[in-house]
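Undergrad: Please read through the structure below; I'll follow up with questions.
Rule-based calculations on the coordinates, nothing more; no lab input. None of the values given here were measured: they were computed from a predicted structure. A quick note on method: Cβ atoms are made from the backbone with ideal geometry, for glycine too, and the neighbour counts reach across all protein chains shown.
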Amino acid sequence: MINWWISWYHEISFSEFELHYPWWISGHTDNTRLICAAVKAETEDDVRECIYKSYDKRPELIKFRFTEKKPCDWKPYCERFTKADWMSW
């Protein structure tokens with residue numbers, strides 16, 4: 001599996017989502033939340049599909065900000081994106 005750093009616009013009209021990888025709200029506008037997540041997947045399509053599947057009701061279109069491949073020894077936690085108790089990597 002490949003490590004990915006992905007970010008997308010979570011529109012307020014979207015359903016709730018449950019992602020079992022580390023994720024954070026990194027910003028917001030009036031209508032969106034900017035979400036960043038660390039996900040393990042084989043391909044860029046797979047990591048994006050993982051995000052789609054995390055929603056209770058699949059969004060018609062998610063606007064992704066970026067999807068970046070990371071090295072095999074990469075850890076997603078840092079001063080800005082701290083590890084919560086529920087997060088496992």
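Undergrad: Set Lys and Arg Cβ to +1 and Asp and Glu Cβ to -1, take the dipole of region 2-70 about its Cα centre, and tell me which of Tyr52, Ile25, Ser13 lies farthest positive.
TA: It is Ile25.
Undergrad: Using only the alpha carbons of region 2-70, determine the length spanned along each of the three principal axes and report them from longest to shortest in whole angstroms.
TA: That gives 33, 23, 19 Å along the principal axes, largest extent first.
Undergrad: From the phi of every residue in region 68-84, what ³J(HN,Hα) in whole Hz does the Karplus formula 6.51 cos²θ - 1.76 cosθ + 1.60 yield, where θ is phi - 60° and glycine or proline is x?
TA: Going residue by residue, I get 10, 6, 10, x, 5, 9, 5, 10, x, 7, 7, 4, 7, 10, 7, 7, 8 Hz, with x marking Gly and Pro.
Undergrad: Where a Cα-Cα gap under 19 Å defines reach, which lysines qualify for Lys75, not counting those fewer than 8 residues away within the same chain?
TA: Lys40, Lys83
Undergrad: May I pose another question? Hey, what do the phi angles of region 7-12 turn into as Karplus ³J(HN,Hα) couplings, whole Hz, using 6.51/-1.76/1.60 and θ = phi - 60°, x for Gly and Pro?
TA: 9, 8, 8, 8, 5, 5
Undergrad: Something else about it: Considering only the other residues whose Cβ falls under 11 Å of the Cβ of Met1, what net charge follows from Lys and Arg at +1 and Asp and Glu at -1?
TA: My count for the surroundings of Met1 gives -1.
Undergrad: DSSP loop GluC sites (Glu not before Pro) in region 5-89 with at most 14 other Cβ atoms within 10 Å of their Cβ, which ones?
TA: Glu16, Glu18, Glu42, Glu60, Glu79
Undergrad: Taking Cα atoms, how many degrees apart are the long axis of helix 44-53 and the longest axis of the chain, rounded to 10 and kept between 0 and 90?
TA: With both axes taken from Cα atoms, the answer is about 50 degrees.
Undergrad: Give the residue list of trypsin sites (Lys or Arg not before Pro) in region 1-88 that are DSSP loop and have at most 15 other beta-carbon atoms within 10 angstrom.
TA: For trypsin sites (Lys or Arg not before Pro) across region 1-88 that sit outside H, G, I, E and B with at most 15 neighbouring Cβ atoms in 10 Å, the list reads Lys57, Arg80, Lys83.
Undergrad: Leaving out same-chain residues fewer than 8 places away, which lysines sit with a Cα under 18 Å from that of Lys63?
TA: Qualifying lysines at Cα under 18 Å: Lys53.
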